[in-house]
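Read the structure below first, then the notes.
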Amino acid sequence: QVQLVESGGGLVQAGGSLRLSCAASGRTFSSRAMGWFRQAPGKEREFVGGISWSGGSTYYADSVKGRFTISRDNAKNMVYLQMNSLKPEDTAVYYCAAARSIYAGWGQEEYDYWGQGTQVTVSS
């Protein structure tokens, strides 16, 4: 069992930055890949980026590549999403998710634990 709690969302102007945090509980955290997803109003939830169990591999959706960075601290059971150069189209609820395996891709079916989400709003 893994419980995930996101924090760090808020309102920011376009071009600004935010760092989201995801606190995980459970002894299997360090053996799971982690992902960030987002859902904008009226849209499907979409993959943002992911990180392997060790942090050695990261991968991103094309829409955020070069602007967002995922990192993790297994000693603290934390995952982070650093978001720079934010755009109004980044406005969404952001979710942290824990995968079933040490590596995972962009498919939501690969993740079996989800946080409650944190709202990010980017004003133009």
* Asked: How about the stretch 77-124: which strands (runs of 3 or more DSSP E) wholly inside it have at least 3 residues that are of a type in the set (Val, Ile, Thr)?
  -> 118-123
* Asked: Before we move on, is Arg72 touching a strand residue (DSSP E or B) at 6+ places or on another chain (Cβ under 6 Å), in contact (Cβ under 8 Å) with a residue 40 or more places away in the chain, charged (D, E, K, R) and crowded, with 22+ Cβ neighbours inside 10 Å?
  -> no
* So which residues in the stretch 96-111 are within 14 Å of the chain's Cα centre (by Cα) and open to solvent by 20 Å² or more (accessible area, probe 1.4 Å), if there are any at all? -> Trp106, Gln108
* Could you please find all residues in the stretch 18-46 being open to solvent by 60 Å² or more (accessible area, probe 1.4 Å), in contact (Cβ under 8 Å) with a residue 60 or more places away in the chain and of a type outside the set (D, E, K, R)? => Gln39
* Can you name the condition, by its number, that Lys87 falls short on among (1) at pLDDT below 95; (2) more than 23 Å from Gln3 (Cα to Cα)? -> (1)
* Taking the stretch 11-49 on its own, how many of its residues are closer than 13 Å to Val120 by Cβ and more than 15 Å from the chain's Cα centre (by Cα)? -> 6
* Single unsatisfied condition, Gly8 versus (1) surrounded by 18 or more Cβ atoms within 10 Å (Cβ to Cβ); (2) within 14 Å of Gly117 (Cβ to Cβ); (3) within 12 Å of the chain's Cα centre (by Cα) -> (1)
* To do: Could you tell me whether the stretch 93-109 includes any residue that is among the aliphatic types (A, V, I, L, M), at pLDDT below 95 and out of contact with any Gly (no Cβ under 9 Å at 6 or more places or on another chain)?
  => yes
* To do: Would you check if there is a residue in the stretch 86-95 being surrounded by 19 or more Cβ atoms within 10 Å (Cβ to Cβ) and more than 19 Å from Gly10 (Cα to Cα)?
  => no
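The values are calculated or read from the model by the stated rules, or taken from the named source; none is laboratory data. In this text the structure is predicted, and so the values were computed from the model without any measurement. No Cβ is skipped: glycine too gets one built from the backbone with ideal geometry, and neighbour counts run over all protein chains shown. Note: accessible area is taken over every heavy atom of the protein model, side chains too, but ligands, DNA and RNA are not part of it. Shrake-Rupley method; radii C 1.70, N 1.55, O 1.52, S 1.80 Å.
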